[in-house]
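Peer 1: Take this structure first; my questions come after.
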Amino acid sequence: MKKEQVISRIKQGGLVAVVRAENPEQAVKITQACTEGGIAAIEITFTVPDANEVIKELALRYKQGEIVIGAGTVLDPETARAAILSGANYVVSPCLNTETVRLCNRYQIACMPGAMTIKEVVECMEAGADMVKIFPGELFGPAIIKAIKGPLPQVELMPTGGVSLENVGDWIKSGAAAVGVGGNLTAGVKNGDYASITKIGKEFIKKIKDARGG
């Protein structure tokens, strides 16, 4: 899948499920619950044990392109390359590492480094980021999206951290191209309640659609 298509799918759905899990099996179950809820973009973080193997399994399971599979918490180009070889369609980082962005561009893989300040956002854009992850989002709330989009209307922003069912509409209305959601989506996994992930996922998607005007 070309990176333009990946970015388009993420923007269209508006929701990236950030998957953190105790083991690979749990990560796969979370992903399945997310897809059953209609979530089209999954981010397997490299805090998950054997994250590469999880990405590889998902890439095989969903090889028809039903979902776009990303690698998260990628701190360096070596990890990014390993994720890409495993089948990752996009790479997400908590901060900017220019060598990681350069590698992703070399292989035409969508890259989303993290930033919080205007200066950091501009640095991500100049490095060649396809989208900028605003992280941690809970520090400033939805207002930061509107503030950044003022001087930089051309940038695509994806806030992650602090996005909930109560405020996701505000994030979207402030100008977020998509949102990344972790614990507020997947909390049920602690009790083995994967059905709640599916249910909450559907609620997130509905609220995003409503915020966009239906």
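Peer 1: Would you check which residues across segment 171-185 are closer than 28 Å to Pro24 by Cα and open to solvent by less than 10 Å² (accessible area, probe 1.4 Å) and list them? It would help to see each step written out before you state the result.
Peer 2: To start, the set of residues in segment 171-185 that are closer than 28 Å to Pro24 by Cα comprises 178-185.
Hits for segment 171-185 are Ala178, Val179, Gly180, Val181, Leu185.
Peer 1: Just to be sure I understand the filter: pairs with C-beta atoms under 8 Å, separated by 6 or more residues or on different chains, first member in segment 27-44 and in contact (Cβ under 8 Å) with a residue 60 or more places away in the chain and closer than 15 Å to Gly65 by Cα, second member assigned to a loop (DSSP other than H, G, I, E, B) and of a type in the set (Asp, Glu). Which pairs pass?
Peer 2: none
Peer 1: Follow-up question, since we're still on this one. Could you list, in sequence order, the residues of segment 177-199 that are assigned to a loop (DSSP other than H, G, I, E, B) and either in contact (Cβ under 8 Å) with a residue 40 or more places away in the chain or aromatic (Phe, Trp, Tyr) (or both)?
Peer 2: From segment 177-199, those assigned to a loop (DSSP other than H, G, I, E, B) are 177-178, 182, 192-193; that's our starting set.
Matches in segment 177-199: Ala177, Ala178, Gly182.
Peer 1: Only residues that are among the aliphatic types (A, V, I, L, M) and open to solvent by 40 Å² or more (accessible area, probe 1.4 Å): list them for segment 105-124, please. Full working, then the answer.
Peer 2: Start the filter on segment 105-124 by keeping residues that are among the aliphatic types (A, V, I, L, M), which leaves 109-110, 112, 115-116, 118, 121-122.
Answer for segment 105-124, where residues must be among the aliphatic types (A, V, I, L, M) and open to solvent by 40 Å² or more (accessible area, probe 1.4 Å): Ile118, Val122.
Peer 1: Based on this model, can you work out whether Gly114 counts as at pLDDT 95 or above, closer than 30 Å to Leu85 by Cα, of a type in the set (Gly, Ala, Ser) and in contact with a helix residue (DSSP H, G or I) (Cβ under 9 Å, 6 or more places away or on another chain)? Quick ask: steps written out before the conclusion?
Peer 2: Working: at pLDDT 95 or above: yes; closer than 30 Å to Leu85 by Cα: yes; of a type in the set (Gly, Ala, Ser): yes; in contact with a helix residue (DSSP H, G or I) (Cβ under 9 Å, 6 or more places away or on another chain): yes.
So Gly114 passes the test.
Peer 1: Within segment 78-94, take every residue that is within 21 Å of Met125 (Cβ to Cβ) and in contact with a Leu (Cβ under 8 Å, 6 or more places away or on another chain) and give me the one that is surrounded by the fewest Cβ atoms within 10 Å (Cβ to Cβ).
Peer 2: Restricting to residues being within 21 Å of Met125 (Cβ to Cβ) and in contact with a Leu (Cβ under 8 Å, 6 or more places away or on another chain), the top hit is Pro94.
Peer 1: Right, something else. I'd like the residue in segment 125-150 that is surrounded by fewer than 20 Cβ atoms within 10 Å (Cβ to Cβ) and in contact with a helix residue (DSSP H, G or I) (Cβ under 7 Å, 6 or more places away or on another chain) and, out of all such residues, is farthest from Tyr90 (Cα to Cα).
Peer 2: Ala127
Rundown of residues vs (1) open to solvent by 40 Å² or more (accessible area, probe 1.4 Å); (2) modelled with pLDDT of 95 or more, yes/no style:
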position	(1), (2)
Gly169	no, yes
Gly188	no, yes
Ala195	yes, yes
Lys209	yes, yes
Gly214	yes, no
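Peer 1: Among the residues that make up segment 151-161, is at least one of them assigned to a loop (DSSP other than H, G, I, E, B), touching a Phe, Trp or Tyr at 6+ places or on another chain (Cβ under 9 Å) and surrounded by 14 or more Cβ atoms within 10 Å (Cβ to Cβ)?
Peer 2: Our first condition is that a residue be assigned to a loop (DSSP other than H, G, I, E, B); within segment 151-161, this holds for 151-156, 161.
Within this subset, residues satisfying the condition of being touching a Phe, Trp or Tyr at 6+ places or on another chain (Cβ under 9 Å) are 161.
Filter again for surrounded by 14 or more Cβ atoms within 10 Å (Cβ to Cβ), leaving 161.
The answer is yes, given that some residue of segment 151-161 is assigned to a loop (DSSP other than H, G, I, E, B), touching a Phe, Trp or Tyr at 6+ places or on another chain (Cβ under 9 Å) and surrounded by 14 or more Cβ atoms within 10 Å (Cβ to Cβ).
Peer 1: Okay, moving on. Of everything in segment 110-136 that's part of a helix (DSSP H, G or I) and acidic (Asp, Glu), which residue is nearest to Ala147 (Cα to Cα)?
Peer 2: Within segment 110-136, the subset part of a helix (DSSP H, G or I) is 118-127.
Retained after the next criterion (residues that are acidic (Asp, Glu)): 120, 123, 126.
Numbers: Glu120: 14, Glu123: 17, Glu126: 19 Å.
The qualifying residue nearest to Ala147 (Cα to Cα) is Glu120.
Peer 1: Take the conditions surrounded by fewer than 22 Cβ atoms within 10 Å (Cβ to Cβ), modelled with pLDDT under 95 and not in a loop (DSSP other than H, G, I, E, B) and apply them to Lys202. Does it pass? Break it down stepwise before answering.
Peer 2: On the way: surrounded by fewer than 22 Cβ atoms within 10 Å (Cβ to Cβ): yes; modelled with pLDDT under 95: no; not in a loop (DSSP other than H, G, I, E, B): yes.
Considered against the rule, which asks whether it is surrounded by fewer than 22 Cβ atoms within 10 Å (Cβ to Cβ), modelled with pLDDT under 95 and not in a loop (DSSP other than H, G, I, E, B), Lys202 comes out as no.
Peer 1: Given the residues Leu15, Leu75, which is the only one that is among the aliphatic types (A, V, I, L, M) and open to solvent by 50 Å² or more (accessible area, probe 1.4 Å)?
Peer 2: Just one listed residue meets the conditions, Leu75.
Peer 1: A further question follows. Any residue at all in segment 154-167 that is free of Cβ contacts under 8 Å to residues at least 40 places away in the same chain and of a type in the set (D, E, K, R)? Explain how you work it out, then say what you get.
Peer 2: Residues of segment 154-167 free of Cβ contacts under 8 Å to residues at least 40 places away in the same chain: 154-155, 157, 159, 161-164, 166-167.
When the remaining residues are screened for being of a type in the set (D, E, K, R), the result is 166.
Yes: one or more hits.
Peer 1: Now, a different point. Do you know which residues across segment 87-103 are of a type outside the set (S, T, N, Q) and either at pLDDT below 95 or over 24 Å from Lys149 (Cβ atoms) (or both)? Steps first, answer last, please.
Peer 2: Filtering segment 87-103 down to residues of a type outside the set (S, T, N, Q) leaves 87-88, 90-92, 94-96, 99, 101-103.
Listed by number, the residues that qualify are Gly87, Ala88, Glu99, Arg102, Leu103.
The values are calculated or read from the model by the stated rules, or taken from the named source; none is laboratory data. As the structure is a computational prediction, the values presented were derived from the model and not from experiment. Quick reminder, even Gly has a Cβ in these numbers, built from the backbone with ideal geometry, and neighbours come from all protein chains shown. Each accessible area value is taken on the protein alone, full model and side chains, heavy atoms only, with ligands, DNA and RNA left out. Shrake-Rupley method; radii C 1.70, N 1.55, O 1.52, S 1.80 Å.
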